[in-house]
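Take a look at the structure set out below.
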Amino acid sequence: MSEPVAVLGVGQTTYKRRHPESSAADLIWAAAEEALADAGLGIDAVDVIIAGVAPDALAGENCVEKTAIFGTGKPFLRVNTGGVTGSSTAFAGASYVASGRARAALVVSLERMGQASTSQRVFNTIFDPVYEKDFPLTTITMAALRASMLMRVYGYSERDWAEIAARNYRHALRNPLAHLHLEVTPEDVLDSPLLAWPIHRLEACPMSEGACALVLGGRDLAAGRNAAWIQGMASTSDSYAMGDRIRRPEGSLVDLLSLQRSAVRAYADAGVSDPRKEFGVVELYSPFSSAEAMTYPALGFCAPLDGPRFIQEQQEDPSLPVFNPSGGPQAANPVSATAMVRIAECALQVRGLAGDRQVADVRRAVATGQGGATQFSTVCVLGTQTP
Amino acid sequence: MTELVSIPGHWDFDYTYFAGEAASRFFAELRNTRVMGATCPDCRRVLVPARSFCDACFQRTTDWVEVGPEGTLETFTIITAAFPGLPEPPIVMAYVTLDGADTALVNLVLGLDLSDIGAAAAGLQRQPRVRVQYGPEPQGRITDFAFVLA
Ligand SMILES: [Zn+2]
């Protein structure tokens with residue numbers, strides 16, 4: 001990166017099943033207005049606006065962002081990379097600032113799936129129409145196909161998934177923006193209905209909608225502002241075909257090669273060598289608890305076979321980072337926005353503005369994004385120090 | 001307080017998906033009850049289902065080879081909840097690597113005893129051998145076959 005880039009402002013709506021009080025444009029507006037106010041900047045200070053929205057069919061509107069293209073007369077882009085849309089959108093804005101083509105970028109991501117009554121049917125259309133669409137592939141079954149492989153290969157149990165879910169719900173109780181505020185024990189998770197073995201209802205994310213926006217700027221705008229610096233960011237793709245990754249020697253379907261490669265690059269740029277000690281907070285794009293467990297080795301927190309033990313270690317070792325202090329996607333999953341929410345939450349933690357969910361003395365945090373059957377993964381390291 | 005308005009909407013569009021040459025040949029072979037893979041000249045992987053290029057090597061695939069009809073179940077899920085627009089549960093869906101292939105393909109597994117989901121799952125976690133079983137009238141579609149225990 002040439003020019004260092006900072007998050008100067010964060011705006012988020014609440015996340016919930018439906019926002020019947022707001023049009024799509026209202027939601028984008030609310031997030032953008034709050035982010036600009038947080039940055040202390042007006043729309044005229046922004047040189048580019050980038051919107052992130054994943055499948056249009058979830059909203060039932062094509063280019064749902066179109067009615068909220070404000071501050072006309074600027075370059076505008078839309079990004080869609082599935083679940084990783086939010087972080088791809090943030091990275092696109094950061095690239096404008098890093099290259100010197102914008103002093104400030106406004107990036108906003110919107111999920112409007114509260115307008116859909118059959119979201120899993122819509123999700124079936126994201127798969128290949130030639131070889132895959134005739135099968136009941138959905139976001140849930142895709143996660144289940146991996147969860148069963150994780151159990152077989154790395155020894156996870158359904159109890160492990162339940163522990164992760166219960167912790168995420170517990171953290172969400174401190175996050176007023178979260179969709180779900182539930183007091184849930186691991187037993188409650190295991191007792192909830194089975195959706196697709198081994199995934200239970202309370203291990204799956206809710207269907208949420210809402211919007212998230214960030215204002216990104218360089219060194220001159222960061223001066224005198226409460227900035228969270230992007231110390232490293234990397235985005236890596238993988239083969240579309242899940243079946244091609246099952247026996248792949250360099251990393252199987254449950255080894256998240258794209259996330260691992262993004263982590264290596266982002267950590268190198270940020271100067272992170274020991275992720276267990278150098279992060280105060282980890283915000284994961286993990287709509288299922290099994291998906292969260294898959295990230296631990298990819299992000300360098302443990303060896304693959306030590307994953308189940310690492311779930312226990314998190315409860316016992318206070319020197320480890322806090323995982324998903326916001327509650328993560330299991331407590332709110334506005335799909336198109338979720339990966340940007342992870343960056344937003346890390347920025348709030350680094351800036352000391354995370355309210356009741358604030359973790360003490362966060363000097364550095366890491367946010368992930370994953371989309372398209374983890375065909376895309378992003379890692380973003382944020383910190384108090386200018387890179 | 002203004003009464004909030006919500007407006008009903010419905011998307012109902014028809015499409016025709018164009019499978020391309022490689023998949024069309026794969027489907028033609030399927031009507032002859034042969035599952036085919038295409039070989040990448042660089043990494044030598046036999047890619048199943050067959051496709052025109054290897055995305056890992058950025059190479060066009062060359063030799064076509066028949067794979068299966070038996071193979072190893074790699075990973076699976078048992079769908080137990082009903083979702084609008086999807087078939088009635090319980091359904092077993094799995095990735096299977098057919099003998100001679102380097103990649104796995106997804107399809108349904110039929111004929112399993114699903115009266116005890118936990119027991120069925122435990123059995124599938126042992127990666128049983130399975131084989132391709134064709135339906136009565138192949139249409140040249142991926143749904144012409146399913147997997148059954150070998
Ligand atoms: Zn190849």
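The values are calculated or read from the model by the stated rules, or taken from the named source; none is laboratory data. What you are looking at is a predicted structure, and each value in this text was computed from that prediction instead of being measured. Cβ placement follows ideal geometry from the backbone for every residue including glycine, while neighbour counts extend to all protein chains displayed. With ligands, DNA and RNA removed, areas are computed over all heavy atoms of the protein, side chains included. Shrake-Rupley method; radii C 1.70, N 1.55, O 1.52, S 1.80 Å.
Does any residue of the stretch A:121-138 turn out to be closer than 30 Å to A:Ala6 by Cβ and within 14 Å of another protein chain (Cβ to nearest Cβ)? No, the stretch A:121-138 has no match at all. Considering (1) open to solvent by less than 40 Å² (accessible area, probe 1.4 Å); (2) without any contact (Cβ under 8 Å) to a residue 24 or more places away in the chain; (3) among the aliphatic types (A, V, I, L, M), say which one A:Ala223 fails and leave the rest. Of (1) open to solvent by less than 40 Å² (accessible area, probe 1.4 Å); (2) without any contact (Cβ under 8 Å) to a residue 24 or more places away in the chain; (3) among the aliphatic types (A, V, I, L, M), only one is false for A:Ala223: (1). Summed over the stretch A:234-251, the residues that are closer than 24 Å to A:Pro129 by Cα and of a type outside the set (D, E, K, R) give a count of 7.
For (1) out of contact with any His (no Cβ under 9 Å at 6 or more places or on another chain); (2) more than 30 Å from B:Gly20 (Cβ to Cβ), each residue gets a yes or a no:
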position: A:Gly86; (1), (2): yes, yes
position: A:Thr89; (1), (2): yes, yes
position: A:Ala105; (1), (2): yes, yes
position: A:Arg112; (1), (2): no, yes
position: A:Val122; (1), (2): yes, no
position: A:Ala143; (1), (2): yes, no
position: A:Tyr156; (1), (2): yes, yes
position: A:Thr185; (1), (2): yes, yes
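The condition of being over 27 Å from A:Ile28 (Cβ atoms), hydroxyl-bearing (Ser, Thr, Tyr), open to solvent by less than 10 Å² (accessible area, probe 1.4 Å) and in a helix (DSSP H, G or I) does not hold for A:Thr338. Against the definition (over 21 Å from A:Thr138 (Cα atoms), acidic (Asp, Glu) and either more than 9 Å from chain A (Cβ to nearest Cβ) or open to solvent by less than 30 Å² (accessible area, probe 1.4 Å) (or both)), how does B:Glu70 come out, yes or no? The answer is yes for B:Glu70. For the condition among the hydrophobic types (A, V, I, L, M, F, W, C), under 16 Å from the mean Cα position of the chain (by Cα), away from the ligand (no atom under 16 Å from the Cβ) and more than 12 Å from chain A (Cβ to nearest Cβ), B:Val92 does not qualify. Would you tally the residues in the stretch A:122-142 being among the polar types (S, T, N, Q), buried (at least 22 other Cβ atoms within 10 Å of the Cβ) and not in a helix (DSSP H, G or I)? Selection size over the stretch A:122-142: 1.
Kindly establish whether A:Asp47 is open to solvent by 30 Å² or more (accessible area, probe 1.4 Å) and out of contact with any Lys or Arg (no Cβ under 8 Å at 6 or more places or on another chain). So A:Asp47 fails the test.
Of all the numbered requirements in (1) away from chain B (no Cβ under 14 Å); (2) surrounded by fewer than 24 Cβ atoms within 10 Å (Cβ to Cβ), A:Gly60 misses one, and that requirement is (1). Of the candidates A:Ser88, A:Ser117, A:Ser99, A:Ser95, the single residue that is free of Cβ contacts under 8 Å to residues at least 24 places away in the same chain, away from chain B (no Cβ under 14 Å) and out of contact with any Asp or Glu (no Cβ under 6 Å at 6 or more places or on another chain) is A:Ser95. The single condition among (1) within 20 Å of B:Ala104 (Cβ to Cβ); (2) modelled with pLDDT under 95 that B:Ser6 does not meet is (1).
Looking across the stretch B:98-114, just one residue is without any contact (Cβ under 8 Å) to a residue 24 or more places away in the chain and over 13 Å from the mean Cα position of the chain (by Cα), and that is B:Asp113.
The set of residues in the stretch B:54-85 being within 20 Å of the chain's Cα centre (by Cα), near the ligand (Cβ under 10 Å from one of its atoms) and free of Cβ contacts under 8 Å to residues at least 12 places away in the same chain consists of B:Asp55 alone. Of everything in the stretch A:1-50 that is among the hydroxyl-bearing types (Ser, Thr, Tyr) and over 18 Å from the mean Cα position of the chain (by Cα), the residue that is farthest from A:Ala116 (Cα to Cα) is A:Ser2. Scanning the stretch A:262-287 for residues that are in a loop (DSSP other than H, G, I, E, B) and among the hydroxyl-bearing types (Ser, Thr, Tyr) yields A:Ser273, A:Tyr285, A:Ser286. Considering only the stretch A:265-285, I want to know if a residue exists there that is free of Cβ contacts under 8 Å to residues at least 12 places away in the same chain and hydroxyl-bearing (Ser, Thr, Tyr). Yes, there is a match, as at least one residue in the stretch A:265-285 is free of Cβ contacts under 8 Å to residues at least 12 places away in the same chain and hydroxyl-bearing (Ser, Thr, Tyr). Before we move on, is B:Ala28 more than 11 Å from every other protein chain (Cβ to nearest Cβ) and either outside any loop (DSSP other than H, G, I, E, B) or on the phi < 0 side of the Ramachandran plot (or both)? Criteria met by B:Ala28.
Within the stretch B:23-44, restricting attention to residues that are open to solvent by 20 Å² or more (accessible area, probe 1.4 Å) and touching a strand residue (DSSP E or B) at 6+ places or on another chain (Cβ under 7 Å), the residue that is farthest from the ligand (Cβ to nearest atom) is B:Thr33. Filtering A:Leu214, A:Leu259, A:Leu190, A:Leu253 for residues that are part of a helix (DSSP H, G or I), within 20 Å of the chain's Cα centre (by Cα) and not β-branched (Val, Ile, Thr) leaves a single hit, A:Leu259. Screening B:Leu47 against (1) at pLDDT below 95; (2) within 15 Å of the ligand (Cβ to nearest atom); (3) of a type in the set (A, V, I, L, M, F, W, C) leaves a single unmet condition, (1). If the condition is being among the charged types (D, E, K, R), farther than 14 Å from A:Ala213 by Cα and in a helix (DSSP H, G or I), then the stretch A:341-369 contributes A:Arg351, A:Asp356, A:Arg357. In the set A:Gln312, A:Gln330, only one residue is closer than 28 Å to A:His179 by Cβ and surrounded by fewer than 17 Cβ atoms within 10 Å (Cβ to Cβ); that residue is A:Gln312.
Looking only at residues in the stretch A:151-163 that are under 18 Å from A:Ala196 (Cα atoms) and more than 9 Å from chain B (Cβ to nearest Cβ), the one that is most open to solvent (accessible area, probe 1.4 Å) is A:Arg159. For the structure I just gave you, tell me whether B:Asp12 is away from the ligand (no atom under 16 Å from the Cβ), under 30 Å from A:Asp56 (Cβ atoms) and out of contact with any Gly (no Cβ under 8 Å at 6 or more places or on another chain). Spelling it out, B:Asp12 is indeed away from the ligand (no atom under 16 Å from the Cβ), under 30 Å from A:Asp56 (Cβ atoms) and out of contact with any Gly (no Cβ under 8 Å at 6 or more places or on another chain).
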